[in-house]
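Engineer: Got a structure here, written out as structure tokens. Questions coming.
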Amino acid sequence: MHRIGCVFILLMCCATGCQTGCSRFGVGVGRWWSSTSFCRPNTFDLGMDNWKVRQSAKAMAHRSLRQFRRQSGFKPSCHFCEGFECAYIDMAQGGSGATPAIPPRRYWNCEYRSGEGYARADEWFEGYRIGAGMAEADGLKRFNSIHTSMGTAAGGGVPMIEP
């Protein structure tokens, strides 16, 4: 049974190209090991890319928040931490880093429409502001572009386009 399972997995990998972006088959039938099509990339998957960007931004936010806690000695609330993480995600997905005018929908509920609720929303806003600043300092926005072959721009930077 184990041998049959291994053979099945091997056949599936050969049939799908193991989804690595590389394929032994060229564009036309019978083109084996073609140099122009040997390692052609898979198509761009916006949904998967957004998920990966979001997960990477969350991981960066958590590292940066730990560093912020160590440096400042500040014990942030969960609302502050959520705003901080949200800023990293927004910046990673192309946002400007400007603090939103209104908080997330969670803070629209009746329990947040009180003095204590407003304080929680203010903590979220403060976390967002500090998170956006730290995300910018980490250079997060530069990874939200696709490198092009147009060469170097006059200012020494590389021309980029957004996906």
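Every number in this text was worked out from the coordinates using simple rules, so none of it is lab data. Here the structure is a predicted model, which is why all the values come from computation and not from measurement. Counting neighbours? That spans all protein chains shown, and the Cβs are built from the backbone with ideal geometry, glycine included.
Engineer: Given a Förster distance of 45 Å, report the FRET efficiency between ASP45 and GLU116 from their Cβ-Cβ distance, rounded to the nearest 0.05.
Structural biologist: 0.55
Engineer: So what are the ³J(HN,Hα) numbers for segment 114-121, from phi and the Karplus equation (6.51, -1.76, 1.60; θ = phi - 60°), rounded to whole Hz, Gly and Pro as x?
Structural biologist: 8, x, 5, x, 5, 5, 5, 5
Engineer: How far apart, in nm, are the 7 Å Cα→Cβ label points at MET150 and ALA137?
Structural biologist: The answer from the label model is 3.2 nm.
Engineer: With N denoting the number of residues in segment 46-146, provide Rg(C-alpha) divided by 2.2 N^0.38 Å, to two decimal places.
Structural biologist: Rounded to two decimals, the normalised Rg is 1.09.
Engineer: With 10 angstrom as the radius, rank LEU140, LEU65, LEU46 by how many other C-beta atoms surround their C-beta, starting from the fewest.
Structural biologist: Taking fewest neighbouring Cβ atoms as first place, the list is LEU46, LEU65, LEU140.
Engineer: If the chain between GLN55 and SER96 were fully stretched, how many nm would it gain, using 0.36 nm times the residue separation less the Cα-Cα distance?
Structural biologist: 12.9 nm
Engineer: For the residues TYR112, TYR88, TYR118, TYR128, what sequence is obtained by ranking on other C-beta atoms within 10 Å, fewest first?
Structural biologist: Listed from fewest to most nearby Cβ atoms, that is TYR118, TYR112, TYR128, TYR88.
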